Amino acid sequence: FQGIFVLGLPYALLHSGYSGLFLIILAAALCCYTGKILIACLYEENEDGQLIRVRDTYEDIANACCKKQSSKLGGIVVNVTQVMELIMTCILYLVVSGNLLSHSFPYVPMTEKTWSVIAFVTLLPCVFIKTLQIVSKLSQLCSLVHFIIILVVMTYCLTQIHQWSWAKFRLSIEFEDFLVSVGVIIFSYTSQIFLPKLEGNMKNPGEFRCMLNWTHFFACVLKTTFALTAFLTWGEETKEVITDNLPSFLQTLVNLCLLTKALLSYPLPFFAATEIVYACISRGNHSNYRSPLFALGVRGSFLLLTLLMAMFIPHFALLMGLTGSVTGAAMTFLLPSLFHLKLKWKKLSFLEKCADISVFILGFLCSLAGIVCSIKGLLEVFG
């Protein structure tokens, strides 16, 4: 939850004012809710009324919902959407790594793309990752680095507490700027892609809902505190990535920490994407597709694909915004609520049905607004 998006939250507050604080809390509640209903779709009651896990993945849920139309249609749509979002996330980490390296060592005569290649070389061991346990350990290190970054920024902000003023908050907001803030805030909480796998790997899956409540609560508290202290410190001068506001002597330290975080964040979406593709390819009885060498080839191909796309796609940020508006909203809001309604309709109360329908409509509006803003930005860039 505490990804690189968090560093854009103070900038989101700049454009959303007091409503931004409300959005941070609302997004936590909504994403926590859709995570729960998505996992509920993995279970069905047996004859004794006990819940049994009859599905394992997001794909299985989609196939169950679309089995009347086609036994595999839903799974194909979900898998394509998941892989697109995960690949885009991996590419973003490579682009960010190149950018951070070029800013950390401005006197070295190398372009950002060259730095991205250097970052790519450090990620080559990812092809040997076979289990979620290894990814979990890397994610723990990633969290540690992130808290160091947050601690540095907040400590500096607290030294400037004499400059804080609530007058810096906007009362009036511009609609397009507000939509940008909505996107940053909502997608800083997204984790639905990983939840079925995560819940299935827990020692005690019965604690999943409790875990989801506490993690979203603490994420919300940390995001609100961080965004608020940073915005009150810099006000109208708040930049898109808050670390750019820091004095130069802190910037280099934080940039190197961010680089470490980006590189440690890469394995999770990479592992998830390659697992999906490998599972789809090896689903038949072809023994050649189940060999360790073939799995290594799949992971190596994906690794190379992310580098090539990071190197050669122009205006990547805008294209990612367009993709994120479609895939992010779909995986976080649209599909969980739609699947829950489809699979559990007869067992849902009136209020639960209303909640699912409301989340679906909200997700559709967010997606539509994001698509319009992204296409407008692309049209402006291409003249």
Next on the checklist: List the GluC sites (Glu not before Pro) within the stretch 132-199 that DSSP assigns to loop and that have no more than 13 neighbouring Cβ atoms inside 10 Å.
Outcome noted: 174
Checklist entry - In a shell of Cβ-Cβ distance under 12 Å around residue 360, excluding residue 360 itself, what net charge do Lys and Arg (+1) and Asp and Glu (-1) give? => result +1
Next on the checklist: Against the 2.2 N^0.38 Å scaling, with N counting residues, where does the chain land? I'd like the Cα-based Rg ratio to two decimal places.
Outcome noted: 1.01
Checklist entry - Between residue 76 and residue 209, what is the label-to-label distance in nm when each label sits 7 Å out along the Cα-to-Cβ direction? => result 3.6 nm
Checklist entry - Using θ = phi - 60° and the Karplus form 6.51 cos²θ - 1.76 cosθ + 1.60, what ³J(HN,Hα) does each residue of the stretch 126-138 get, whole Hz, x for Gly and Pro? => result 4, 5, 9, 6, 10, 10, 6, 4, 5, 4, 4, 5, 5
Checklist outcome for this item: Output ordering of 34-40, 299-305 (per-residue mean of other Cβ within 10 Å, highest first) is 34-40, 299-305
Checklist entry - Kirkwood hydrodynamic radius (Cα pairs, Å) of the stretch 1-78? => result 15.5 Å
Checklist entry - Using the eigenvalues of the Cα gyration tensor, what equivalent ellipsoid semi-axes result for the stretch 43-148 when each is taken as the square root of five times the eigenvalue, whole Å, largest first? => result 41, 19, 11
Checklist entry - In angstroms, what radius of gyration and Dmax does the stretch 133-260 have, counting Cα atoms only? => result 17.5, 49
Checklist entry - In the neighborhood of residue 135, defined by Cβ-to-Cβ distances under 13 Å, what is the net charge if each Lys or Arg adds +1 and each Asp or Glu adds -1? => result +3
Checklist entry - Percent relative contact order of the chain, based on C-alpha pairs within less than 8 angstrom and at least six residues apart? => result 33 percent
Checklist outcome for this item: Under a 1.4 Å probe, counting only protein heavy atoms, residue 33 has an accessible area in Å², nearest 10, of 60 Å²
Item to check | Among 65, 354, 90, residue whose mean-square fluctuation peaks in a GNM of the chain (springs only between Cα atoms under 10 Å) | outcome: 354
Checklist entry - Roughly how many Å² is the accessible area per residue of the stretch 93-164, as a whole number, for a 1.4 Å probe? => result 59 Å²
Checklist entry - Picking from 73, 12, 98, whose Cα lies most toward the positive end of the charge dipole for the chain (charges on Cβ: Lys, Arg +1; Asp, Glu -1)? => result 73
Checklist entry - Of 154, 331, 88, which is the most mobile in a GNM of the chain whose springs link Cα atoms less than 10 angstrom apart? => result 154
Item to check | Gain upon complete extension [residue 36, residue 131; 0.36 nm per residue less C-alpha separation] | outcome: 31.8 nm
Checklist entry - So, in nm, how far is label residue 361 from label residue 244 when the simple model puts each one 7 Å beyond its Cα toward the Cβ? => result 3.8 nm
Checklist outcome for this item: Of 231, 169, 147, the most mobile residue in a GNM of the chain (C-alpha springs, cutoff 10 Å) is 147
Next on the checklist: Restricting to DSSP H runs of at least four residues, report the calculated mean residue ellipticity at 222 nm for the chain, -39500 (n - 2.57) per run over all residues, nearest 500 deg cm²/dmol.
Outcome noted: -23500 deg cm²/dmol
Item to check | Mean separation of Cα contacts under 8 Å, 6 or more apart, over the residue count of the stretch 55-147: relative contact order % | outcome: 15 percent
Checklist entry - Which entries in 223/346; 239/376; 168/261 show an alpha-carbon gap greater than 26 Å? => result 223/346; 168/261
Next on the checklist: I'd like the carbon and sulfur percentage of the solvent accessible area for the chain, probe radius 1.4 Å, heavy atoms only, ligands and nucleic acids excluded.
Outcome noted: 68 percent
Item to check | Rough spin-label spacing in nm, given labels placed 7 Å along Cα→Cβ, for residue 167 and residue 382 | outcome: 4.7 nm
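The values are calculated or read from the model by the stated rules, or taken from the named source; none is laboratory data. None of these values were measured; they are calculated from a predicted model. Quick reminder, even Gly has a Cβ in these numbers, built from the backbone with ideal geometry, and neighbours come from all protein chains shown. Please note that ligands, DNA and RNA were not included when accessible areas were found on the heavy atoms of the full protein model with its side chains. Shrake-Rupley method; radii C 1.70, N 1.55, O 1.52, S 1.80 Å.
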